[in-house]
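What follows is a single structure, written as structure tokens, with notes after it.
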Amino acid sequence: MKVVSSHFVKSALHPVDYPKDGRAEVAFAGRSNVGKSTLLNTLLNRKGLAKTSRTPGKTRTVNFFSVNEAVYFVDLPGYGFARVSKSMQATWQKTITAYLFRRAPLRLAVHLIDARHPPMARDVDLLALLDQAHVPTVIVATKVDKLKQSQHRRLEETFRAVLELDDEALIIPFSAVTGEGRKALWDVIDDQIGE
């Protein structure tokens, strides 16, 4: 897809507040500080469209971005080590789970995992949740520019082992710095939304 226009539409915590026009949606999910907002900005060629922060937990609501007035990119709250109350984390978990299981326009989940670390228990849990919700999913290993070449080669092997993925599961190494993986991820998105 060639991005002609993109803009922030709305933030919401409750399904009643989500867009109701039925456009296809691509959701971006992962641990706090994994780079969801940075990846969105890179995909859309728009610095600062999705707000980024060095502090984990910047995204606290379900944020909808319109792309070409045809599809929504949905930035979900991060899970993990964000410095917020346990009740807020529980609210985020309920929100994410409800979104993944009940959102009819959802066509693809982009599951982001920091390439510098092996997937953690919560990454495994999210993948299982996506599988239970029958949401087509692509794994994106973020921040690969921070890896040494020797680590880069072992990345896929480690991810497959920890996440128990078969050989056909796609893992896309991604760098917002170098642009690695941008085209590969767009190819998957285009395929899922029928572009």
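Quick look at the values:
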read-out	value
Conditions (1) modelled with pLDDT under 80; (2) part of a loop (DSSP other than H, G, I, E, B); (3) under 22 Å from LEU127 (Cα atoms); (4) of a type in the set (Gly, Ala, Ser); number of the one not met by ALA50	(3)
Residue check, ASN33 modelled with pLDDT of 75 or more, part of a loop (DSSP other than H, G, I, E, B) and under 14 Å from the mean Cα position of the chain (by Cα)	yes
Checklist (1) at pLDDT below 95; (2) surrounded by 23 or more Cβ atoms within 10 Å (Cβ to Cβ); (3) closer than 17 Å to LYS10 by Cβ applied to ALA27, failing item	(1)
Cβ pairs under 8 Å, 6+ apart, first in region 168-195 and of a type in the set (S, T, N, Q), second in a loop (DSSP other than H, G, I, E, B)	SER175/LYS143; SER175/GLY181; GLN192/PRO136
Selection status of VAL140, modelled with pLDDT of 90 or more, buried (at least 16 other Cβ atoms within 10 Å of the Cβ) and either in contact with a Pro (Cβ under 9 Å, 6 or more places away or on another chain) or not small (Gly, Ala, Ser) (or both)	yes
Every residue from region 166-179 that is out of contact with any strand residue (DSSP E or B) (no Cβ under 6 Å at 6 or more places or on another chain) and either charged (D, E, K, R) or surrounded by 16 or more Cβ atoms within 10 Å (Cβ to Cβ) (or both)	ASP166, ASP167, GLU168, SER175, ALA176
Test: ASP167 is assigned to a loop (DSSP other than H, G, I, E, B) and farther than 20 Å from ASN33 by Cβ	yes
Qualifying position, being of a type in the set (Asp, Glu), under 23 Å from ASN63 (Cβ atoms) and surrounded by 13 or more Cβ atoms within 10 Å (Cβ to Cβ), among ASP125, ASP145, ASP191, ASP114	ASP114
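The values are calculated or read from the model by the stated rules, or taken from the named source; none is laboratory data. Here the structure is a predicted model, which is why all the values come from computation and not from measurement. Cβ coordinates were reconstructed from backbone atoms using ideal geometry, including for glycine residues, and neighbour counts include every protein chain displayed.
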